[in-house]
1. Check which residues have an amide H placed less than 5 Å from GLY108's amide H, if you skip close sequence neighbours.
2. Fully extended, how many nm does the chain gain between ASP536 and ASP102 (0.36 nm per residue separation, minus their Cα-Cα distance)?
3. Can you tell me which lysines have their Cα less than 30 Å from the Cα of LYS498? Leave out same-chain residues fewer than eight positions away.
4. Put +1 on the Cβ of each Lys and Arg and -1 on the Cβ of each Asp and Glu in the chain; which of LEU605, HIS480, VAL45 then has its Cα farthest toward the positive end of the dipole?
5. Starting from the coordinates of the alpha-carbon atoms of segment 343-484, obtain the Kirkwood hydrodynamic radius over all distinct pairs and give the value in Å to one decimal.
6. Which value, in nm² and rounded to one decimal, describes the direction-averaged projected area of the C-alpha convex hull of segment 653-699?
7. For ILE785 and CYS592 in one chain, what is 0.36 nm times their gap in residues minus the Cα-Cα distance, to one decimal in nm?
8. Between [x] -0.27, -0.54, -0.72; [y] -0.34, -0.64, -0.80; [z] -0.52, -0.81, -0.91, which entry matches log10 I(q)/I(0) by the Debye sum over Cα atoms at q = 0.05, 0.07, 0.08 Å⁻¹ as derived from the coordinates of this structure?
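The values are calculated or read from the model by the stated rules, or taken from the named source; none is laboratory data. Since this is a predicted model, take the numbers as computed values, not measurements. Neighbour counts run over all protein chains shown; Cβ positions are idealised from the backbone, glycine included. In case anyone asks, the SASA skips ligands and DNA or RNA and just uses the protein heavy atoms, side chains included. Shrake-Rupley method; radii C 1.70, N 1.55, O 1.52, S 1.80 Å.
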Amino acid sequence: MKVSLNWLKKYVPVELDNAAYESRMIMTGTGVEGMEDMGRELQNVVVGRVLTCEDHPNSDHLHICTVDVGEEAPLQIVCGAPNVKAGLLVPVAKVGAVLPGDFHIKKGKLRGVESCGMLCSSTEMNVPVELYPSVGDAGLLIFNEDYPVGTDVREIFGFNDTVVDFEILANRPDCLCVWGVARETAAALNAPLSLPVITVKEADGDIHDYADITVEDTEHCPRYAARVIKNVRIAPSPMWLRQYLHAAGMRSINNIVDITNFVMLETGHPMHAFDLAKVKGRKIVVRASREDETLTTLDGKEYALSGQELMICDEDHPTGLAGIMGGEESEITEETRDVLFECASFDRTSIRLTARRLGIRTEASGRFERGVSPATVMEALQRACQMVNELDAGDVVPGVIDIYPNPVKPAHLNVPVDYINKRTGVTVSGEEMKRILEKLFFEVELKDGVLHVTAPNFRQDIEQMADISEEVLRYAGYEHIPSTGLRGETTQGGLNVKTARHFKLQDMLSGMGAYECMNYSFISRKVITQMGFSADDARLNPVCIRNPLGEDTACMRTTLLCGVFKTVSTNQRGGNEDGRIYELGSIYDSACKTEENLPVEHDTLAIAIWGGKEDFYSLRGMVEAIMRDLGVCYHIEMGRENYLHPGRRAQLVAQSGDVICQLGQVHPDTAEAFDMNDKTYVCELDVEKLFENANALGHVQPIYRTPAVSRDLAFVMDGSVQLGPVMDEMKKACGDKLEDIRLFDVFRGVQVGEGKKSCAFNLVLRAKDHTLTEDEINASVKKAIKAAEKFGAVLRG
């Protein structure tokens with residue numbers, strides 16, 4: 001925040017040089033980013049009076065002038081400005097002067113005539129027309145006041161000043177104003193603080209005859225105060241006021257608007273002035289916007305409102321964005337006669353969200369976003385009315401409308417002296433602490449080693465004992481913190497459970513030739529709908545982002561496959577004819593909430609393979625290898641995901657009943673939506689359920705001394721028969737003698753008949769206590785065949 005040092009000195013004496021002042025403020029916790037000498041680029045330019053002005057004999061536009069600059073003899077200066085004439089007071093850059101842009105003035109000749117200086121325009125001195133009226137670069141700047149010749153123009157324009165750029169932290173919104181910085185300066189320099197005594201001279205009348213105010217949303221507008229000024233006399237602001245605004249980086253508009261800006265910079269309270277003649281019904285209503293409403297702001301831009309913005313409205317429609325910018329309809333003009341001054345406190349979160357949503361950033365919104373104390377609203381409003389009196393800008397109508405249903409109470413804390421010394425590491429006496437806090441405007445009582453502290457009404461950041469400790473330490477001196485050596489113990493590093501799981505899965509998948517990919521957790525709702533989920537699927541209701549970067553990142557993913565599909569599509573379109581990729585990450589469940597009311601995150605693995613010899617069984621083999629490695633007992637069921645081919649999908653279910661994985665070939669419609677080859681095979685696996693059902697040691701059994709016997713059986717059956725139940729029935733029929741059964745081939749073709757499939761199984765038979773005889777083997781095989789025949793299967797010859 002930029003503050004004029006001359007303005008600051010009105011309230012507190014600053015007798016240090018700039019470097020010492022900067023150092024002192026930094027050491028007491030108020031950062032200074034820089035100090036700028038406003039007159040650094042304008043040197044040796046003075047007020048001069050043009051005594052004579054004659055045409056140049058060798059030019060049709062130059063003039064030969066003699067100019068009195070307060071020296072023994074007048075200067076001869078050749079000037080080309082069309083508005084130069086005898087008798088004018090103008091700025092004169094003497095020989096040796098420096099103008100902005102590092103432009104040095106030297107003695108020279110113009111068309112054979114000697115010139116000892118330069119008469120200046122406002123543009124050449126970087127003096128905006130809002131600071132001092134002029135014709136710009138169309139001619140000379142002409143002084144309207146009678147200044148003594150030889151006067152340094154920097155005094156006239158307020159350039160004999162230093163602008164201090166303070167770095168105000170987010171927890172100190174009270175310092176975003178001149179008074180706040182003055183309070184800190186007075187405390188840092190042990191200097192007296194002299195803020196203005198506010199008195200307001202009122203005219204006749206009653207404010208309720210001019211305006212009516214209703215606050216419907218007191219949660220987002222805890223305080224709203226207003227006063228009315230009648231018989232407004234719009235005029236330019238005095239030079240001193242324009243100088244202060246210019247130093248702060250603001251332009252002067254007129255006396256009424258400048259008063260509101262001046263009070264904002266001085267007190268930290270943004271204000272707004274309404275032309276009451278343009279407020280319909282002369283009624284102000286503070287309420288939430290409606291979805292069908294629009295507002296054209298002072299900068300001429302129209303905004304469509306969403307129903308979430310806090311608005312200042314008249315009887316019919318919005319007239320301003322609360323805490324951000326006023327509306328175009330009620331702005332102050334030269335015809336304005338009655339004005340309503342608004343000074344309020346708005347909820348910082350509401351203002352921040354609205355400003356970000358609409359893309360508006362103003363001086364007012366910046367202050368409200370950090371927090372403006374409701375307790376000091378009336379002080380700022382009265383200061384504005386006092387300024388109206390001082391500038392004779394109108395007549396203040398008696399009465400105030402102040403809607404403040406829940407007054408904010410100042411913070412009260414009881415802080416032991418020993419607690420502060422222990423927390424800060426610096427030994428400070430209780431009396432010294434009391435003195436420090438009192439010069440920071442805290443009310444303090446020291447009793448039995450405990451500080452009973454009441455924070456000033458402008459300090460909203462004081463909430464706990466640590467805050468009082470900080471206040472004491474920064475004025476006791478950070479340099480008093482004792483230096484200590486580093487202490488600590490080294491601890492053995494390790495991986496958390498989630499990371500260890502990921503590393504294990506990454507090792508296994510990399511060993512299978514798969515490459516890891518990573519996608520954003522943010523996706524668009526449109527991409528989710530392309531997955532083909534059923535209408536009642538919870539994954540179609542993702543967690544939405546309040547302030548998304550764009551439509552493509554508007555919500556959190558409910559499946560990893562949206563991103564994996566895009567990665568597959570990119571690779572296939574890029575010419576990668578075959579590949580294996582996987583992604584490990586979180587998906588976000590909007591239907592389930594944590595104790596902190598946040599969406600539950602599920603750790604998930606997605607795998608995709610395509611091209612070459614890859615098929616459904618390649619993918620199933622990868623997943624089963626993971627299951628076997630982790631010792632997960634499971635069985636296979638028909639899959640249910642709509643994004644998978646209805647005849648080539650499955651799900652792996654653990655013995656606990658948890659569905660661990662969905663896998664299969666991508667449905668042609670889904671493949672088309674994501675611009676993929678439909679011979680792409682994918683799976684999505686719940687990592688948490690996978691490890692919950694894992695057996696770290698696997699299935700432990702003795703090493704049998706008896707040999708195993710292997711038999712292969714091939715059956716022809718209807719193509720719709722699920723093989724998982726067939727294998728389960730064969731296991732049940734064979735009993736303990738069947739050690740393992742695996743499907744190793746599925747064939748469809750004219751050889752087996754239309755709608756049929758040939759399935760080949762490998763049976764491993766073994767007895768634990770003896771070598772199986774041929775009769776026992778044949779008996780078990782027959783049982784397996786009969787079990788398969790229950791599903792309509794016919795043994796192939």
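1. Here the answer is SER115, GLY117, since their amide H atoms fall under 5 Å of that of GLY108.
2. Using 0.36 nm per residue and subtracting the Cα-Cα distance, I get 149.1 nm.
3. Correct list for LYS498: LYS566, LYS593, LYS689.
4. Going by the Cα projections, it comes out as LEU605.
5. 18.2
6. 4.4
7. Net length gain for the segment: 64.7 nm.
8. Matching the structure shown: [z].
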